[in-house]
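The values are calculated or read from the model by the stated rules, or taken from the named source; none is laboratory data. Keep in mind the model is a prediction, meaning the values are calculated, not measured. Every residue, glycine as well, gets a Cβ built from its backbone with ideal geometry; the counts of neighbours run over all protein chains shown.
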Amino acid sequence: MAATLNEDILTLIFSHTFDFDVLRTTAAAIGTKNQHTLHRVVLRRFLQLPLCLPSENLEDSKALINHFVHHAEHANLVRDIVIVLGPSRKYIAEHRELRDAHLPEDSKQPERAEALVKLLPELLKHTKNLQYLNWSKSPPPNRETFEELTEHSSITHLSLDCSEQSVGFPDPGESRTGTKQFIQILFSTIGPKVPSLDLRNVDEEVFKVIERELPPLKNVRNLKLDLACGVWDWDGFGSPQQGPTEHYRFSRASDHVQELDLRLTDILARQKKGPLELVDSKKLRKLAVEIVPCFSWSYITLVRLFSDSTPANFPSLTHLVIDDVIRDTRRWTMGGEAGWEEGVGPILPQLRHLWVNERVLGVPSSDNRDDLWDPDPLEWQTQDATMSRTVNSPRWELLGRTFEKLESLRVGFGQLNATWVAKVLSHCDHTKLKAFGFDWEWQPNEPVRASFVSTPLLAY
């Protein structure tokens, strides 16, 4: 006699499954046998994962939206929607002018994107349990979309693209009226309700609106800002740099943010505190910093972001992430100043999760005493040489005091061999440490394409 599958057990198993290939293989094995116990389980899991609605495949997206409009039982399962639109008309016009060549993109993409945007308010009327909305590229959400979102009591996170997708650097004097209006509508509608905001490709003009509109919003607890877009306070000499310079001044924008995620250029990270001034650091529980070069051919040799900070500035911080694209050990030595390695990082009182990329923790053979531009992005040494120097440094004791408190550690020493992994783990408490490795995403969620969901799972 065949064993009966327990739907509750299968639901529990799939609730911990984040690998899209596993779910896809299971769905393919089931096929269209919708009476199978597993069909309901896999369908629920798929609809709870991010669903991607691209304008590039407009017919697939329209079919899925139409299905949700007519099947409330499925629409109510949707938790996360990813909208991926086409290049803007402005981008296409600039591409034609600058490249004087055939567009690699389909010139009809703007029309498809605009057609998909018109369908989204109707979709939102039926997905009342939606929690996450991620919006990429142009055009931006319209007022009707934002107003429909205000009716969702379950919405917790908005991720929005603020870019007009200019081919090159936008003109510093160019007006961004359309984008500013979209940001103003955001803050006058759903903004006051949503606890988590992710604003990508923020240029100076958009940032000024954010800086003005954010302070009254007491519900925003999680703020993510991409400040590496456009030309800000360029002095007119040399090549225009991406994002703000180290001279740009930031003022307090929120006293309520508890999780701050910043994407900065290295020239801005040269400023002490800089955008950390936007929030009350004493209330932060999580701080994530991604640093990218403002120029592709050169980079800043010193990072001063934490050099004026002490552990007293971050008494509640439990999760610290540093993702520096330029993996140079010397950048984090602060040129002899009391920086993150020698002060803030290792002895944060509540730190439980430390994720830093290669060489952020390693001790270099020499410090960068001068604040310079450098075309050579790495200090080339063997991993054994770097680790030997690190474990024999006084900083190793401080790092050991940090490691023994951690629940998750993404080590910043590069790719370690077994000997050095054992050395690091010897300072960790095995009763506390739950995750250790070299990957950023412990549970990656790959958006599920509309074409795949609608074909094997929703066919009746």
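Identify the residue in the range 421-441 that is under 16 Å from ASN357 (Cα atoms) and not charged (D, E, K, R) and, among all such residues, is surrounded by the most Cβ atoms within 10 Å (Cβ to Cβ). In this case the residue turns out to be VAL424.
Residues of the range 234-272 being assigned to a loop (DSSP other than H, G, I, E, B), without any contact (Cβ under 8 Å) to a residue 40 or more places away in the chain and touching a Pro at 6+ places or on another chain (Cβ under 6 Å), which ones? Matches in the range 234-272: PHE250 only.
Within the range 187-200, the set of residues being buried (at least 21 other Cβ atoms within 10 Å of the Cβ) and in a loop (DSSP other than H, G, I, E, B) comprises ILE190, GLY191, VAL194. Pairs linking a residue in the range 146-160 that is under 19 Å from GLN181 (Cβ atoms) to a residue that is surrounded by fewer than 20 Cβ atoms within 10 Å (Cβ to Cβ) and of a type in the set (Val, Ile, Thr), with Cβ atoms under 7 Å and 6 or more positions apart or on different chains, are PHE146/ILE185; PHE146/THR189; GLU147/THR189; THR150/THR189. Of the candidates LEU23, LEU47, the single residue that is modelled with pLDDT of 80 or more, crowded, with 17+ Cβ neighbours inside 10 Å and not in a strand (DSSP E or B) is LEU47.
Taken over the range 382-400, the criterion of being farther than 15 Å from LEU425 by Cβ and not β-branched (Val, Ile, Thr) is satisfied by GLN383, ASP384, ALA385, SER388, ARG389, ASN392, SER393, PRO394, ARG395, GLU397, LEU398.
Pairs are defined by a Cβ separation below 6 Å, a sequence spacing of at least 6 or placement on different chains, a first member in the range 117-131 that is in contact (Cβ under 8 Å) with a residue 40 or more places away in the chain and within 12 Å of HIS152 (Cβ to Cβ), and a second member that is outside any helix (DSSP H, G or I) and of a type in the set (Gly, Ala, Ser); the pairs so defined are ASN129/SER154; GLN131/SER154.
Which residue is nearest to VAL209 (Cα to Cα), if the candidates are limited to the range 149-185 and must be at pLDDT 55 or above, touching a helix residue (DSSP H, G or I) at 6+ places or on another chain (Cβ under 7 Å) and of a type in the set (D, E, K, R)? The selected residue is LYS180. Taking the listed residues LEU116, LEU149, the one that is under 19 Å from HIS67 (Cα atoms) and buried (at least 17 other Cβ atoms within 10 Å of the Cβ) is LEU116, with no other qualifying. Note on the range 400-420: residues that are in a helix (DSSP H, G or I) and either within 15 Å of GLU358 (Cα to Cα) or in contact with a Lys or Arg (Cβ under 9 Å, 6 or more places away or on another chain) (or both) amount to 1. Any residue that is touching a Ser or Thr at 6+ places or on another chain (Cβ under 8 Å), β-branched (Val, Ile, Thr) and under 20 Å from ILE210 (Cβ atoms) - is there at least one of those in the range 244-253? The answer is no; no qualifying residue exists.
Do the conditions hold for GLU342, that is, is it at pLDDT 85 or above and in a helix (DSSP H, G or I)?
On the way: at pLDDT 85 or above: no; in a helix (DSSP H, G or I): yes.
Considered against the rule, which asks whether it is at pLDDT 85 or above and in a helix (DSSP H, G or I), GLU342 comes out as no.
Given the structure, is ALA312 aliphatic (A, V, I, L, M) and surrounded by fewer than 17 Cβ atoms within 10 Å (Cβ to Cβ)? Considered against the rule, which asks whether it is aliphatic (A, V, I, L, M) and surrounded by fewer than 17 Cβ atoms within 10 Å (Cβ to Cβ), ALA312 comes out as yes.
May I ask you to list the residues in the range 273-314 that are in a helix (DSSP H, G or I) and either under 17 Å from PRO244 (Cβ atoms) or of a type outside the set (Gly, Ala, Ser) (or both)? Step through it out loud before you land on a result.
To start, the set of residues in the range 273-314 that are in a helix (DSSP H, G or I) comprises 274-278, 281-283, 311-313.
GLY274, PRO275, LEU276, GLU277, LEU278, LYS282, LYS283, PRO311, ASN313, listed by residue number.
Put simply, of GLY400, GLY412 the only residue that is surrounded by 12 or more Cβ atoms within 10 Å (Cβ to Cβ), modelled with pLDDT of 85 or more and of a type outside the set (Ser, Thr, Tyr) is GLY400.
Condition check for LEU227 on (1) touching a strand residue (DSSP E or B) at 6+ places or on another chain (Cβ under 6 Å); (2) modelled with pLDDT of 90 or more; (3) farther than 29 Å from HIS353 by Cβ: one failure, at (3).
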